[in-house]
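Structure first, commentary second.
Just so you know, all these numbers are worked out from the coordinates, no wet-lab data involved. Everything numeric here is computed off the predicted structure, so don't read it as measured data. Heads up, the Cβs are rebuilt from the backbone with ideal geometry, glycines too, and the neighbour counts pull from every protein chain shown.
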Amino acid sequence: MQKPKYNFFLNKYSFYGATKCTSCDTKTNVRKFPLFISLDKNNIYTLNLSCKFCTRCNLIIAKKDNIDKYISIELEQKGIAFDPDNYFVMGTIDSKTFWRHNKGNASSDELFDNLTPFKKVLDFEIRQAGWYKD
Ligand SMILES: [Zn+2]
């Protein structure tokens, strides 16, 4: 396993595009990150996903809807039921290892060696109060 590098926020709000950083309000960039996702102990899924990124907070903001979509397609092909609450985004891997894994050339050991875990996993709630006027 590598040294922790990025912070992470799994954005579960479909309507929320995170064009500004959830943490510091700076404009975010779009950047692709190869994500390391644990479906269960023996099932690692890697996904090269376009995320929002804040360089100031070193924060990756990934949309849960997008991850759900890709994983459900993958699992459907394998005949496995998809549970959207039962996976864990653990970190990132480098693109070289991502492509090797995608071609079936990287073992789980190799993936775990390459895993760069998140420093902090943040959670933000969007409060309904913000949408209403008194
Ligand atoms: Zn920020």
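Rounded to the nearest 500, what is the chain's calculated 222 nm mean residue ellipticity when only DSSP H runs of at least 4 contribute -39500 (n - 2.57) each, over all residues?
-6500 deg cm²/dmol
Once the Cα atoms of helix 64-78 and of the chain are each reduced to a long axis, what angle between those two axes, in degrees from 0 to 90 to the nearest 10, is obtained?
30
Report, ordered by chain and residue number, the lysines lying within cross-link reach of Lys120, taken as a straight Cα distance under 29 Å and ignoring same-chain residues fewer than 8 apart.
Hits, sequence-local ones excluded: Lys3, Lys5, Lys12, Lys20, Lys27, Lys32, Lys41, Lys52, Lys63, Lys64, Lys69, Lys96.
Are there any trypsin sites (Lys or Arg not before Pro) in region 56-106 that are in a DSSP loop and have at most 15 other Cβ atoms within 10 Å? List them by number.
Details: sites: Arg56, Lys63, Lys64, Lys69, Lys78, Lys96, Arg100, Lys103; in loops: Arg56, Lys103.
Of the trypsin sites (Lys or Arg not before Pro), the ones in loops of region 56-106 whose Cβ has at most 15 other Cβ atoms within 10 Å are Arg56, Lys103.
Looking at region 1-65, which chymotrypsin sites (Phe, Trp or Tyr not before Pro) are DSSP coil and have at most 15 other C-beta atoms within 10 Å of their C-beta?
Those satisfying the criteria are Tyr13, Phe15, Tyr16.
Could you work out the relative contact order of region 1-65? I mean the mean sequence separation of Cα pairs under 8 Å and 6+ apart, divided by the number of residues, in percent.
Across region 1-65, relative contact order equals 41 percent.
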